[in-house]
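Presented below is the structure to which this report refers.
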Amino acid sequence: MTTADISTVRRSYYEATGRQRIAALLDRDSFHEWIGPRERVTSPHLKLFDVPVSFDDGVIVGRGTLDGKRVFIVAQEGGFMGGSVGEVHGAKITGVLRRALIDRPHGVLLLLESGGVRLHEANAGLIAVSEILHALLALRAAGIPVAALIGGAYGCFGGMSIVAHCCNAIVISELGRIGLSGPEVIETVAGVEEFDSRDLALVWRTVGGKSRYLLGDASRLVPDDIPAFRAAASAALLLSRALDLENLERDHECLAVRLNFYGDCKDAEEIWSRMGIISSRQVALLDEAELVELAQSLPNRKVI
């Protein structure tokens, strides 16, 4: 790999590894890792299936500073089993969130890249996701902001998509994808007539970053550029939206209105048209700044 290639990888959030993302997002030399690869805390289940393990179990956790502010950080590594959640993987994330409740940093960053729970340790993974959610909601109730950053090759699906939507803010790029079920899962369950996972245009306008931002699921849309993610993450940690009944009821009301407006739509292009976008096909051609400007001008956009 040439110097130019390395520079490109380190600048592109999509192409960077979890460790590269942490190094580029946090202040220089401020990251301190917990339960790193040298400790070799690996999944006890994968060996039963003769599956190679990763010495960090596909997730990097620790603390550092961002613009001088103390933060805790989690980065899922999509390169290992698609960032899937297992027992150890989930326990590391839960541990960081629980420690944050004690140490009270300025905020927590979740660099999410996950296809969901590992089938090899499904029950343990599902329990892990529930523990992550419990710890996350406790943090939010304590007024500690948590921001999710999504822009990796494997997207954010399954239980971790629920985790993302429980955060104070979601920062996403056009290349990021988020959804409860991935395209292949939908096709397997409902059939190719319902959703063709090979139709990339359909996939991106359904679960892609631009569509999620237009729909109001993501708080910020940024270019596939680590400095842009860094600036958005720093701003997101200033948000400390209260986790209370009033805000919960507001979110439910917003979802009900959204369902009433768009519930019968068969495709994202129909939704965009009802939002007031005259030519929905232009969405794919707009850059991030242009799309944000367009979204803010739409009278029928329902943001949670």
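Points worth noting:
- Hits in region 18-42 - residues which are of a type in the set (D, E, K, R) and in a loop (DSSP other than H, G, I, E, B): Asp27, Arg28, Asp29, Arg40
- Residue satisfying all of: in region 119-133; touching a residue at least 40 places away in the same chain (Cβ under 8 Å) and under 12 Å from Ile93 (Cβ atoms); surrounded by the fewest Cβ atoms within 10 Å (Cβ to Cβ) among these: Glu131
- Of the set (1) in a helix (DSSP H, G or I); (2) in contact with a Phe, Trp or Tyr (Cβ under 8 Å, 6 or more places away or on another chain), all apply to Ser181 but (1).
Okay, residues lined up against (1) at pLDDT below 95; (2) among the aliphatic types (A, V, I, L, M); (3) assigned by TED's automatic domain parsing to the domain that holds Asp267:
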residue	(1), (2), (3)
Ile172	no, yes, no
Leu180	yes, yes, no
Glu187	yes, no, no
Leu202	yes, yes, no
Val222	no, yes, no
Ala231	no, yes, no
Ala236	yes, yes, no
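A quick yes/no check of all residues on (1) closer than 30 Å to Leu238 by Cβ; (2) of a type in the set (Val, Ile, Thr):
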residue: Ile35; (1), (2): yes, yes
residue: Lys47; (1), (2): no, no
residue: Gly79; (1), (2): no, no
residue: His89; (1), (2): yes, no
residue: Leu101; (1), (2): yes, no
residue: Pro105; (1), (2): yes, no
residue: Ile127; (1), (2): no, yes
residue: Leu136; (1), (2): yes, no
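- Residues of region 98-134 that turn out to be assigned to a strand (DSSP E or B), out of contact with any Cys (no Cβ under 8 Å at 6 or more places or on another chain) and either within 19 Å of Cys156 (Cα to Cα) or of a type in the set (D, E, K, R) (or both), as a count: 4
- The set of residues from region 184-208 being among the hydroxyl-bearing types (Ser, Thr, Tyr), in contact with a helix residue (DSSP H, G or I) (Cβ under 6 Å, 6 or more places away or on another chain) and in a helix (DSSP H, G or I) comprises just one member, Thr206.
- Selection count, region 77-91, where residues are more than 21 Å from Ala24 (Cβ to Cβ), under 17 Å from the mean Cα position of the chain (by Cα) and either not small (Gly, Ala, Ser) or not assigned by TED's automatic domain parsing to the domain that holds Ala228 (or both): 3
- Residue match in region 58-76 (condition: within 19 Å of the chain's Cα centre (by Cα), over 27 Å from Pro227 (Cα atoms) and hydrophobic (A, V, I, L, M, F, W, C)): no
- Listed conditions (1) part of a helix (DSSP H, G or I); (2) within 25 Å of Tyr14 (Cα to Cα) are all met by Asp56, apart from (1).
- Out of Ser240, Ser273, Ser211, one residue alone is part of a loop (DSSP other than H, G, I, E, B) and of a type in the set (S, T, N, Q). It is Ser240.
- Filter pass, Asp244 being closer than 22 Å to Leu202 by Cα and loosely packed, with under 13 Cβ neighbours inside 10 Å: no
The values are calculated or read from the model by the stated rules, or taken from the named source; none is laboratory data. Computed from a predicted structure; not experimentally measured. With ideal geometry, Cβ positions are generated from the backbone for all residues, glycine too; neighbour counts draw on all protein chains shown.
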